[in-house]
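Trainee: This is the structure I have questions about; it appears just below.
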């Protein structure tokens, strides 16, 4: 048996007021002087009757759909980065918004059709997210839609973004090593030239400079990774880079690894060479992928990418654009979030070589 939908007219009759008054109260109309007792009574009656507003009709009146598009290349299929989606989703839910997620797997045609679908549904704005903090080409179809980049930037400096502070993260990781007395610190990185790589290496150099250690390019081992969406590839990349450093005549006493999977490869290289961690070699990673960090022995010290916070802040930025009439994108709503150290058991004072 179907139940008749409760209308504003029904609420007005039950509360003994006009339909206009009920409409102003339930739609939170601004600038309307309504007696507080009347407002309270109408809200109680509406709740008692089980009144539910017609979201579609209200959206048409306000020219808002109360939905946000979330376009990603592969975040939805990457467990540790999925917290970006969770952060955005929970922030959206707190504002009464729904997040519509599309994952393109890096396919340009799928991305184009997915964005078309979102725009046809008149989303209020779009979060455009990418893995590995890199420079992306913002699709032309989004240039007239409120858009915030998440874990990415584009060439247009006016487009707002939320990214991790890679320089600070790299600096924090290496300072953990220098604070334990290490001075000969190797780095394992991928050859792909993205902002994440540039920033983390800049942080490495900054930390060394603070303790008076000159930069030595021979301590930076870069290896070509398999395609970035192949998770296991980074382990092999890290293994090759670490083995190259650890078999050098003057090997480092510590390694700073581009990410946690590369650090896992460094563990493998150290084991093959008979080096204990952290007795013979200290290791710090980047990302805080808990499945990796807590599965190696000893557990890996690392720097955490603030995925959840990035998603939540990107949603907040987007609301600033969609809810402020006349607001234009600009660098004043571009953010870099700090990457905190997660200390575990892979760092100790250097051995006497």
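The values are calculated or read from the model by the stated rules, or taken from the named source; none is laboratory data. All figures in this text were calculated on a predicted structure; none of them were measured in a lab. Backbone-built Cβ (ideal geometry, glycine too); neighbour counts: all protein chains shown.
Trainee: Could you please find all residues in segment 283-309 being touching a helix residue (DSSP H, G or I) at 6+ places or on another chain (Cβ under 6 Å) and under 20 Å from residue 203 (Cα atoms)?
Mentor: Answer for segment 283-309, where residues must be touching a helix residue (DSSP H, G or I) at 6+ places or on another chain (Cβ under 6 Å) and under 20 Å from residue 203 (Cα atoms): 283, 284, 285, 287, 300, 302, 303, 307.
Residues checked against (1) over 18 Å from residue 136 (Cβ atoms); (2) out of contact with any helix residue (DSSP H, G or I) (no Cβ under 9 Å at 6 or more places or on another chain):
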position: 75; (1), (2): no, no
position: 87; (1), (2): yes, no
position: 91; (1), (2): yes, no
position: 97; (1), (2): yes, no
position: 104; (1), (2): no, no
position: 108; (1), (2): no, yes
position: 114; (1), (2): no, yes
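Trainee: May I ask you to verify whether residue 266 is at pLDDT below 95 and in the same structural domain as residue 186 (by TED's automatic domain parsing)? Don't jump to the end; show me each part of the working.
Mentor: Working: at pLDDT below 95: no; in the same structural domain as residue 186 (by TED's automatic domain parsing): yes.
Answer is no for this residue.
Trainee: Of the residues 88, 130, 93, which is within 30 Å of residue 258 (Cα to Cα) and assigned to a helix (DSSP H, G or I)?
Mentor: Values: 130 fails: assigned to a helix (DSSP H, G or I); 93 fails: within 30 Å of residue 258 (Cα to Cα).
Just a single option satisfies the conditions, and that option is 88.
Trainee: So which of 252, 278 ends up being farther than 21 Å from residue 74 by Cβ and touching a helix residue (DSSP H, G or I) at 6+ places or on another chain (Cβ under 8 Å)?
Mentor: Numbers: 278 fails: touching a helix residue (DSSP H, G or I) at 6+ places or on another chain (Cβ under 8 Å).
Just one listed residue meets the conditions, 252.
Trainee: Filter segment 27-49 down to residues that are surrounded by 10 or more Cβ atoms within 10 Å (Cβ to Cβ) and at pLDDT below 80 and give me whichever is farthest from residue 66 (Cα to Cα).
Mentor: Narrowing segment 27-49 to residues surrounded by 10 or more Cβ atoms within 10 Å (Cβ to Cβ): 27, 29, 32, 34-35, 38-49.
With the extra rule that they be at pLDDT below 80, the set shrinks to 27, 29, 32.
Numbers: 27: 14, 29: 17, 32: 23 Å.
So, considering only residues that are surrounded by 10 or more Cβ atoms within 10 Å (Cβ to Cβ) and at pLDDT below 80, the one farthest from residue 66 (Cα to Cα) is 32.
Trainee: Take segment 245-275 and flag every residue that is closer than 27 Å to residue 80 by Cβ and without any contact (Cβ under 8 Å) to a residue 24 or more places away in the chain.
Mentor: 271
Trainee: Here's a check for you: in segment 190-202, which residue that is more than 20 Å from the chain's Cα centre (by Cα) and buried (at least 20 other Cβ atoms within 10 Å of the Cβ) is modelled with the highest pLDDT?
Mentor: 201
Trainee: Right, here's the next one. Just one of the numbered conditions (1) farther than 23 Å from residue 257 by Cα; (2) in contact with a strand residue (DSSP E or B) (Cβ under 7 Å, 6 or more places away or on another chain) is not true of residue 135; which one?
Mentor: Against the list (1) farther than 23 Å from residue 257 by Cα; (2) in contact with a strand residue (DSSP E or B) (Cβ under 7 Å, 6 or more places away or on another chain), residue 135 comes up short only on (1).
Trainee: Exactly one condition in (1) crowded, with 19+ Cβ neighbours inside 10 Å; (2) on the phi > 0 side of the Ramachandran plot is false for residue 274; which is it?
Mentor: All conditions pass for residue 274, except number (1).
Trainee: While we're on this one: Out of all the residues in segment 321-334, which are touching a helix residue (DSSP H, G or I) at 6+ places or on another chain (Cβ under 6 Å) and either modelled with pLDDT of 90 or more or surrounded by 17 or more Cβ atoms within 10 Å (Cβ to Cβ) (or both)? Write out each step before concluding.
Mentor: Taking segment 321-334 first, the residues touching a helix residue (DSSP H, G or I) at 6+ places or on another chain (Cβ under 6 Å) are 327, 333.
Within segment 321-334, just 333 meets the criteria.
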